[in-house]
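What follows is a single structure, written as structure tokens, with notes after it.
Each value in this text was obtained by applying a stated rule to the coordinates, not by laboratory testing. Only a predicted model underlies this, so the values are computations on that prediction, with no experimental measurement involved. Every residue, glycine as well, gets a Cβ built from its backbone with ideal geometry; the counts of neighbours run over all protein chains shown.
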Amino acid sequence: MKPYFRPRRLRENPILRRMVQETRLSVDQLIYPVFVREGKGIREEIPSMPGQYRFSPDTLVEELQSVRELSIPAVILFGIPAQEKKDPVGSAGYARDGVVCQALETARKKVPDLLLIADVCLCEYTDHGHCGIVKEGPVEGQGIVHNDETLEILARAALAYAQAGAHVVAPSDMMDGRVGAIREALDEEQLEHVPILSYAAKYASAFYGPFREAAESVPRFGDRKSYQMDPANSREALKEVELDLEEGADIVMVKPALPYLDVIFQVRQMTTVPLAAYQVSGEYSSLCAAFSQNWLQREATLMETLLAIRRAGADLILTYFAKEAAQILKKG
Ligand code: PBG
């Protein structure tokens with residue numbers, strides 16, 4: 001029996017194959033994460049993230065210009081304060097002369113057509129490395145992260161970033177009610193036009209390892225499981241998204257990306273707002289390790305991961321491959 005329907009007919013011709021592609025990746029959908037550290041003249045490679053660097057606010061400008069030249073529309077900034085500025089409440093995070101505010105002010109002036117997103121969290125700024133305020137817990141030496149006291153600090157930080165020039169603020173802490181608290185703080189200061197990109201479904205993932213080294217934000221005790229989501233859960237992700245939307249999130253995010261494509265897909269089905277996905281440090285570093293061994297082909301593999309994240313339903317992708325992907329897309 002000869003096959004009656006032949007799907008291969010649409011795959012044979014490369015022009016036709018291109019025409020019937022269901023999912024596309026465009027440079028407009030990419031957001032590049034960058035680390036900015038206090039100091040001057042710094043451009044240091046992150047050992048666990050080959051090809052990624054920590055910049056000081058001055059050297060960052062050149063980097064942002066090269067990002068812009070590749071037509072990447074946006075970056076998300078992560079701050080690394082001087083070690084001695086870390087304290088129990090993460091005050092270096094909301095300080096108006098802090099490293100992120102400095103970077104935002106400079107970038108706003110020197111690279112005016114780049115969209116600046118500021119990550120809002122405490123873990124890079126607290127001496128204990130947790131994403132919130134730590135209180136005495138029932139177990140000696142094992143504090144608990146206090147939700148509502150943290151909200152106030154997060155709102156202060158978001159406000160400082162928006163005032164320093166962030167176009168968008170992105171809370172990544174996973175405290176309950178933080179989107180509402182940030183929205184209120186921004187609105188009170190006539191910053192109602194500043195959107196909130198919330199890390200709505202952020203999992204307690206082992207894939208954040210290289211980032212914590214990069215941002216020097218490894219928790220000093222315990223883990224982040226009391227605030228980040230259990231990798232076993234997906235219905236809970238929908239609840240988190242629902243809450244963030246009620247509180248005023250403009251864009252919601254799922255994180256990590258590739259191990260959580262089912263979550264991206266489900267969130268896409270339940271909401272109409274733009275959806276972002278974060279291809280995190282561990283996803284990047286593990287692929288780079290395989291590329292360096294020639295076990296996986298670099299360009300084809302990284303583009304396949306980005307396309308898969310798009311196909312699952314993400315509109316926007318935060319990825320350390322953004323510059324490379326932009327170059328590949330440019331070549332066509
Ligand atoms: C801060 C934050 C983390 C990441 C983004 N924001 C680390 C964490 O939650 O431990 C991870 C990003 C990555 O791994 O690339 N809370």
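Data for the structure
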quantity: Tally of residues being under 17 Å from V169 (Cβ atoms) and among the aromatic types (F, W, Y) across the stretch 182-241; calculated: 1
quantity: Selection count, the stretch 314-332, where residues are part of a loop (DSSP other than H, G, I, E, B) and either within 14 Å of the ligand (Cβ to nearest atom) or touching a Leu at 6+ places or on another chain (Cβ under 6 Å) (or both); calculated: 4
quantity: Residue list for the stretch 125-160, restricted to those being within 21 Å of the chain's Cα centre (by Cα) and among the hydrophobic types (A, V, I, L, M, F, W, C); calculated: C131, L151, I153, L154, A155, A157, A158, L159, A160
quantity: Test: residue in the stretch 4-17 that is farther than 27 Å from I133 by Cβ, out of contact with any helix residue (DSSP H, G or I) (no Cβ under 8 Å at 6 or more places or on another chain), among the hydroxyl-bearing types (S, T, Y) and part of a loop (DSSP other than H, G, I, E, B); calculated: yes
quantity: Within the stretch 62-181, strands (runs of 3 or more DSSP E) holding 1 or more residues that are away from the ligand (no atom under 16 Å from the Cβ) and of a type in the set (S, T, N, Q); calculated: 142-146
quantity: Residue in the stretch 294-301 that is buried (at least 17 other Cβ atoms within 10 Å of the Cβ) and out of contact with any Asp or Glu (no Cβ under 6 Å at 6 or more places or on another chain) present; calculated: no
quantity: All positions within the stretch 191-227 that are more than 16 Å from G90 (Cβ to Cβ), part of a loop (DSSP other than H, G, I, E, B) and within 10 Å of the ligand (Cβ to nearest atom); calculated: A204, S205, D223
quantity: Qualifying residue in the stretch 133-147 (condition: surrounded by 16 or more Cβ atoms within 10 Å (Cβ to Cβ), in contact (Cβ under 8 Å) with a residue 40 or more places away in the chain, touching a strand residue (DSSP E or B) at 6+ places or on another chain (Cβ under 8 Å) and under 24 Å from A276 (Cβ atoms)); calculated: no
quantity: Selection from the stretch 264-298 of residues that are farther than 30 Å from H193 by Cβ, touching a helix residue (DSSP H, G or I) at 6+ places or on another chain (Cβ under 8 Å), of a type outside the set (S, T, N, Q) and within 16 Å of the ligand (Cβ to nearest atom); calculated: G282, E283, Y284, L287
quantity: Pairs with Cβ under 8 Å, 6+ apart, first in the stretch 269-296 and of a type in the set (D, E, K, R), second part of a helix (DSSP H, G or I) and more than 13 Å from the ligand (Cβ to nearest atom); calculated: E283/T305
quantity: Condition met for A257 (without any contact (Cβ under 8 Å) to a residue 12 or more places away in the chain and within 16 Å of the ligand (Cβ to nearest atom)); calculated: no
quantity: Every residue from the stretch 245-270 that is under 22 Å from D187 (Cβ atoms) and surrounded by 18 or more Cβ atoms within 10 Å (Cβ to Cβ); calculated: L245, E247, A249, I251, V252, M253
